[in-house]
Amino acid sequence: MLQKIEQTTAYIRQCVNFNPEIGIILGTGLGALVNEIDTIATLEYKDIPNFPISTVQGHSGKLVFGMLGGKKVVAMQGRFHYYEGYTMQQVTFPVRVMKALGIKLLVVSNASGGMNPTFKVGDIMVIRDHINLFGTNPLIGPNCDELGPRFPEMSEAYDKRYIKLAFEIAEQNNIHLQKGVYIGVTGPTFETPSEYKFFHIAGADAVGMSTVPEIIVARHMKVPCFAVSVITDLGITGVVEKVSHEEVQQAANKAEPKMTLLIKKMIESIVEF
Ligand code: HPA
């Protein structure tokens, strides 16, 4: 794995002379943030050695390097999902590479189904913690001690400083934010009403099919993380309705301007990592 990371990082460095401070993973329908980046270089996944190629509708596969809010960022336009058939190592490989490139913060966005009865479609939920229900873990297998410990601790997977900053920025900009626990599942099926209920009883506020693997790998390497989720549908007892990928995209697109503003202002206001 180390060799692969080094090979990929060397290729990227050879194409782009740039040391990003922040890595951003742009999830479903949240691609607009990319338009706010003063792009210095773009690399297509298909040209990057060892990178898998993204297949899901609405996700193009590019690594975008540039300036956002006065900071050097690298953004993943298109991410890899476990349900597409990639291994957990493939899903999380770009996070390893971003860390090798020097990131000091990982920002992740995603779409999810809300189970908290106070949530509405289009809400933005700051993730304060997660439950890994993928039934697997990207760190299974021999541990690479150079990257992180065999048994990483996860007591503050989502950095409290950035959660606090998000709420400060939201207040200043009149953005309504929710806060909650994200439960990560494999998909690709959406949940049955009983599954939504089960996840809510288990302590989760929203359910989605991503993010948890990437956060685990980032925390393995002690990279601070911040993640937000757009509530694109509701799995609330008595309110559960049929959900489609198109609806998820539509709701995510609607929340996009708020989300973009929040992340941009947050990045702008970071003084020290
Ligand atoms: N369940 C799982 N993943 C999702 C959902 C959902 O309801 N909405 C968006 N991603």
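Of the residues making up segment 214-229, none is out of contact with any strand residue (DSSP E or B) (no Cβ under 9 Å at 6 or more places or on another chain), within 17 Å of residue 111 (Cα to Cα) and assigned to a helix (DSSP H, G or I).
If you filter segment 200-209 down to residues that are within 11 Å of the ligand (Cβ to nearest atom) and not in a loop (DSSP other than H, G, I, E, B), you find that the one that is surrounded by the fewest Cβ atoms within 10 Å (Cβ to Cβ) is 208. Within the bounds of segment 250-271, is there any residue that is touching a Phe, Trp or Tyr at 6+ places or on another chain (Cβ under 8 Å), within 16 Å of the ligand (Cβ to nearest atom) and small (Gly, Ala, Ser)? The answer is no, given that none of the residues of segment 250-271 is touching a Phe, Trp or Tyr at 6+ places or on another chain (Cβ under 8 Å), within 16 Å of the ligand (Cβ to nearest atom) and small (Gly, Ala, Ser).
Candidates in segment 136-186 are the residues that are surrounded by 14 or more Cβ atoms within 10 Å (Cβ to Cβ) and free of Cβ contacts under 8 Å to residues at least 40 places away in the same chain; of these, the one that is farthest from residue 267 (Cα to Cα) is 143. Of the listed requirements (1) under 18 Å from the mean Cα position of the chain (by Cα); (2) over 26 Å from residue 273 (Cβ atoms); (3) modelled with pLDDT of 95 or more, residue 4 misses just one: (1). Restricting the first member to segment 233-249 and to residues that are under 12 Å from residue 194 (Cα atoms), and the second to residues that are more than 9 Å from the ligand (Cβ to nearest atom) and not in a loop (DSSP other than H, G, I, E, B), the beta-carbon pairs closer than 6 Å and six or more apart or on different chains are 237/197; 240/193.
Filtering 239, 243 for residues that are touching a Phe, Trp or Tyr at 6+ places or on another chain (Cβ under 6 Å) and either farther than 16 Å from residue 184 by Cβ or part of a loop (DSSP other than H, G, I, E, B) (or both) leaves a single hit, 243.
One residue is enough: does segment 4-25 have a residue meeting the conditions touching a residue at least 60 places away in the same chain (Cβ under 8 Å), crowded, with 17+ Cβ neighbours inside 10 Å and touching a Ser or Thr at 6+ places or on another chain (Cβ under 9 Å)? Looking for residues that are touching a residue at least 60 places away in the same chain (Cβ under 8 Å), crowded, with 17+ Cβ neighbours inside 10 Å and touching a Ser or Thr at 6+ places or on another chain (Cβ under 9 Å), one finds at least one in segment 4-25, hence yes. Total residues in segment 110-122 satisfying the condition of being surrounded by 24 or more Cβ atoms within 10 Å (Cβ to Cβ) and not aliphatic (A, V, I, L, M): the figure is 4.
Checked against (1) touching a Lys or Arg at 6+ places or on another chain (Cβ under 7 Å); (2) within 25 Å of residue 86 (Cα to Cα), residue 173 meets all criteria but (2). Scanning segment 168-188 for residues that are on the phi > 0 side of the Ramachandran plot and either within 12 Å of the ligand (Cβ to nearest atom) or touching a Gly at 6+ places or on another chain (Cβ under 6 Å) (or both) yields a single hit, 187.
One residue alone among 212, 223 is within 16 Å of the ligand (Cβ to nearest atom), β-branched (Val, Ile, Thr) and modelled with pLDDT of 95 or more, and that residue is 212.
Among the conditions (1) away from the ligand (no atom under 16 Å from the Cβ); (2) surrounded by fewer than 19 Cβ atoms within 10 Å (Cβ to Cβ), the only one that residue 107 does not satisfy is (2).
So which residues in segment 189-199 are within 12 Å of the ligand (Cβ to nearest atom) and part of a helix (DSSP H, G or I), if there are any at all? Scanning segment 189-199 gives 193, 195, 196, 199.
The values are calculated or read from the model by the stated rules, or taken from the named source; none is laboratory data. None of these values were measured; they are calculated from a predicted model. Neighbour counts are summed over all protein chains in view; Cβ atoms, including those assigned to glycine, are modelled from backbone coordinates with ideal geometry.
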